Amino acid sequence: MSLLQETKLILRRYGIKPSRKLGQHFLVSERIIEREVEVAELSGGERVLEIGAGIGNLTGYLLEAGCEVVVVERDPLMVRVLRERFPGEKLRVVCGDATRVELPPFDKVVANLPFSISSPITFRLLRRGFERAVLIYQLEFARRLVAEPGTREYSRVSAACRYYARARLVQRIPRGAFYPPPEVEAALVELVPVEQRPDVDEEFFLRFLAALFPYRRKKLRRALALAASRLFGMEEVPPEVDAELLERRVFQLTPEELARIGEVLRRWSTGESG
Ligand code: SAH
């Protein structure tokens, strides 16, 4: 029986109507699941976190790889399916919202994410730390995550992600790999944490990016004044920022340059500089 047939059978047996609001699009392509597990480079005994496991189409492969799997799933009906489909296996199921519940310890993350929580769950995981994450996103979000400076997709999310990790778009995934198919294409992304994060104040850097990127097409000189106004209510620019940088546009600055500029602004605002 194919995974698609099995999925339809389980949905019928439990009377499940996949919820669009909860992003219930189940992976039915064995090839894609195998690729996702392969990229995760799992070995027996590793603790793997899966966010939004649905009826467990990916979960089964994680268990087969000999991992200790913890699932966070919001829908109680899915939780019931998971417990009945994998009885007595090394599987722990937590019923709750993955952006809010306390997360148990884990080494890696492997998941086909509900698209509506892509950004909050990604940054929650990045801040928490892990060895490697292999995640399925909407193609558009995946492109923003991996975007290089100077490109159309380079955004707050790209620069913020890069502070924590290197992101690689492994492959695109057609809509037909899911049942029911979503409206847009998806992509498989690998995240590997950087060995050393830039030496800056993490909280402030993220707030700085959020204040600066609304002006991504403006020159830094103007954008920085507007960002300072958002952050501190005053349109001034610290004198220590390189004149050369001030003439570049925000979307042309590398994450490292942004980290340095943010730090200058932070020190200046607290009177630490000079
Ligand atoms: N990984 C499975 C299912 C993907 S569908 C597969 O590939 O087949 C996404 C799943 O995430 C759904 O089961 C949905 O109920 C769950 N979900 C949605 N929002 C969630 C949240 N905030 N926290 C945890 N799970 C959530």
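The values are calculated or read from the model by the stated rules, or taken from the named source; none is laboratory data. Since this is a predicted model, take the numbers as computed values, not measurements. All accessible areas refer to the heavy atoms of the entire protein, side chains included, with ligands and DNA or RNA removed. Shrake-Rupley method; radii C 1.70, N 1.55, O 1.52, S 1.80 Å.
A viscosity of 1.567 mPa s and a temperature of 4 °C, combined with the Kirkwood radius over C-alpha pairs in the Stokes-Einstein formula, give segment 1-127 a diffusion coefficient of 88 µm²/s.
Under the criterion of Cα pairs below 8 Å and six or more residues apart, the relative contact order for segment 1-83 equals 27 percent. In order along segment 233-241, phi translates into HN-Hα couplings of x, 9, 8, 10, 10, x, x, 7, 6 Hz, rounded to whole numbers, per the Karplus curve 6.51 cos²θ - 1.76 cosθ + 1.60 with θ = phi - 60° and x for Gly and Pro. Here the Karplus curve 6.51 cos²θ - 1.76 cosθ + 1.60, taken at θ = phi - 60°, turns the phi angles of segment 120-135 into couplings of x, 6, 4, 6, 5, 5, 4, 5, 5, x, 6, 7, 6, 10, 10, 10 Hz, with x standing for Gly and Pro.
When the P(r) is computed for segment 140-274, the part past 27 Å accounts for 27% of the Cα-Cα pairs. Mean separation of Cα pairs under 8 Å and 6 or more residues apart, divided by the residue count, gives segment 93-202 a relative contact order of 26 percent. Heavy atoms of the protein chains alone define the surface here; on that basis segment 51-188 has 43 Å² accessible area per residue at 1.4 Å probe size. Computed over the Cα atoms of segment 42-94, pair by distinct pair, the Kirkwood hydrodynamic radius stands at 10.7 angstrom.
When Glu6, Glu140, Glu102 are compared by accessible area of protein heavy atoms, the largest-first order is Glu102, Glu140, Glu6, using a 1.4 Å probe. For the chain, the share of alpha carbon pairs falling in successive 5 Å distance bins from zero is 1, 6, 12, 15, 16, 14, 10, 8, 7, 5, 4, 2, 1, 0, 0 percent.
Within a straight-line Cα-Cα reach of under 19 Å, Lys8 can be paired with the following lysines, leaving aside sequence neighbours fewer than 8 residues apart in one chain: Lys17. Once the 1.4 Å probe is applied to the protein heavy atoms, segment 202-270 comes out at 49 Å² accessible per residue. Its relative contact order, with pairs defined as Cα atoms under 8 Å and 6+ residues apart, puts segment 3-193 at 21 percent.
Normalising the Debye intensity of segment 202-270 to I(0), with uniform scatterers on Cα atoms only, and taking log10 at q = 0.12, 0.14 Å⁻¹ returns -0.23, -0.32. I'd like the distance separating the alpha-carbon centroids of segment 208-250 and segment 1-70, in whole Å. Between the Cα centres of segment 208-250 and segment 1-70 lies a distance of 44 Å.
Protein-only accessible surface at a 1.4 angstrom probe places the residues Arg156, Arg74 in the order Arg74, Arg156, largest first.
Ignoring ligands, DNA and RNA, please state the percent of accessible area on segment 202-270 from carbon and sulfur, probe 1.4 Å.
Values: 1580 of 3360 Å².
That share works out to 47 percent.
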